[in-house]
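Novice: Handing you a structure now.
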Amino acid sequence: MIFAQISKIVEPFAIKLDRWTVEAYRLLPNLLIAILILVVFRFLSRLGGKFIERILGHASQNVALVGLISTITRITIITTGFFFALGVLGLDKTVTSLLAGAGVLALALGFAFQDLTTNFISGAFIAIQRPIQVGDVIETNGYTGKVLSIGLRSVKLDNFEGQQVELPSKDIFQKPIVNFTHSGERRVKMEGSIGYKDDLAIVESLALSVIKKLDFIDPLKVVEFNFTRFTEKSIDFEILFWIRQDKTGPGPAKSAAMKVVKRVFDENNISFPTPARPADLPPASGKPEA
């Protein structure tokens, strides 16, 4: 009796095991083909990744972008081979379920990491379009500095004050950029004022004569002198000149221009009006209040 009961319990498992064994033998050729497909696509993914790195390495200097595209290429090739292998095994429904699940997962990740995804996409476009390059001096998002690195997630600037500024790629891509290095030219504006008693023609002539003699002035560009407005105590003016950036920067150039203009104005008794201070005001008439 005991053996009969044990036999009744074990017999279904034995039958199923026999069926699984027969099915495994039947699927063995397809399984070997599926494994071979995975090995081949694995090999193709390495070749494809290296090929993309070689091609994009000549077109872009952004190592992060080249690496990302190469990785995406490899994953795409391997995933394609995986789906081919499942198809050979006859798991078509599994392939459909995996594709649907991958779509839902991608949508969920897109919402969860929206800012990160936007930064990566913006960084990719910056690397492809190349509006800025490492070493450029730019102004964007309220910051001015030299580009130190361009990554997929962010762009790093040296703000010329000893600090490093890291800006998200989406802010660089979506906001206006002033690139001072792109054209290789730079114009500097120096502002000042003179008194009403000074001769305007003499003032203009003196200022232009000393500015044009500075060694960093671009000889192919015109130095402009413009009177801009009348105020209560002065007449304001501006001097616009182009500099050779291989010799100096805009800050030192403006400082040097101010020095020579101040010196020539002092030598020719040209006044520099300043706001009246209490000590400069005449004493009030009348008796002081008790």
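The values are calculated or read from the model by the stated rules, or taken from the named source; none is laboratory data. Since the structure is predicted, the reported quantities are computational estimates derived from the model, not experimental observations. Backbone-built Cβ (ideal geometry, glycine too); neighbour counts: all protein chains shown. Just so you know, the surface numbers come from the protein's heavy atoms only, side chains and all, with ligands and any DNA or RNA stripped out. Shrake-Rupley method; radii C 1.70, N 1.55, O 1.52, S 1.80 Å.
Novice: Work out the FRET efficiency for Leu36 and Val134 from their Cβ-Cβ distance, taking R0 = 45 Å, and round it to the nearest 0.05.
Specialist: The formula returns an efficiency of 0.50 here.
Novice: Also, quick follow-up: What's the Cα-based Rg to Rh of region 183-225, Rh via Kirkwood?
Specialist: Here the Rg-to-Rh quotient is 1.03.
Novice: I would also like to ask the following. Mind giving me the FRET efficiency for Thr79 and Ile177? R0 is 45 Å, r the Cβ-Cβ distance, nearest 0.05 is fine.
Specialist: It comes out at approximately 0.75.
Novice: What residues of region 197-227 lie in the reach of a label at Glu238, counting those whose backbone N is under 12 Å from a point 7 Å from the Cα along Cα→Cβ?
Specialist: So the set is 224-227.
Novice: Quick one: net charge around Glu267, please, counting Lys, Arg +1 and Asp, Glu -1 for every other residue with C-beta under 15 Å from its C-beta.
Specialist: Result for the local shell: +1.
Novice: Can you send over the carbon and sulfur percentage of the accessible area for region 183-274, probe radius 1.4 Å, protein chains only?
Specialist: Here it works out to 50 percent.
Novice: Shifting gears a bit: If ligands, DNA and RNA are left out, what is the accessible area of Tyr143 with a 1.4 Å probe, given in Å² to the nearest 10?
Specialist: 100
Novice: Another question, if that's okay. What is the sum of charges, Lys and Arg at +1 and Asp and Glu at -1, for the other residues whose Cβ falls under 14 Å from the Cβ of Lys212?
Specialist: Counting the neighbours of Lys212, the net charge comes to -1.
Novice: Hey, what does the equivalent ellipsoid look like for region 148-193, semi-axes from the Cα gyration tensor as sqrt of 5 times each eigenvalue, largest first, whole Å?
Specialist: Listed largest to smallest, the semi-axes of region 148-193 are 26, 14, 11 Å.
Novice: In nm, to one decimal, how far is the modelled label at Leu89 from the one at Arg54, with both set 7 Å along Cα→Cβ?
Specialist: With each label point 7 Å from Cα toward Cβ, the separation is 3.4 nm.
Novice: Below 13 angstrom from the Cβ of Gly195, what's the summed charge of the other residues (Lys, Arg +1; Asp, Glu -1)?
Specialist: Taking every Cβ under 13 Å from that of Gly195, the sum is -2.
Novice: Something else now. Multiplying the sequence separation of Thr228 and Glu166 by 0.36 nm and subtracting their Cα-Cα distance, what value in nm do you get?
Specialist: Numbers: separation 62, 0.36 × 62 = 22.32 nm, distance 3.83 nm.
So the extension gain works out to 18.5 nm.
Novice: How much length is gained on full extension from Leu44 to Phe272, taking 0.36 nm per residue of separation minus their Cα-Cα distance?
Specialist: The Leu44-Phe272 span can extend by a further 74.5 nm.
Novice: What's the ranking of 221-233, 40-52, 121-133 by average number of surrounding C-beta atoms within 10 Å, highest first?
Specialist: Ranking the peptides 221-233, 40-52, 121-133 by packing returns 121-133, 40-52, 221-233.
Novice: If I stretch the segment between Tyr143 and Glu185 completely, what's the gain in nm (0.36 nm per residue apart, minus their alpha carbon distance), one decimal? Walk me through the numbers on the way to the answer.
Specialist: Working: separation 42, 0.36 × 42 = 15.12 nm, distance 1.97 nm.
Taking Tyr143 through Glu185 to full extension adds about 13.2 nm, to one decimal.
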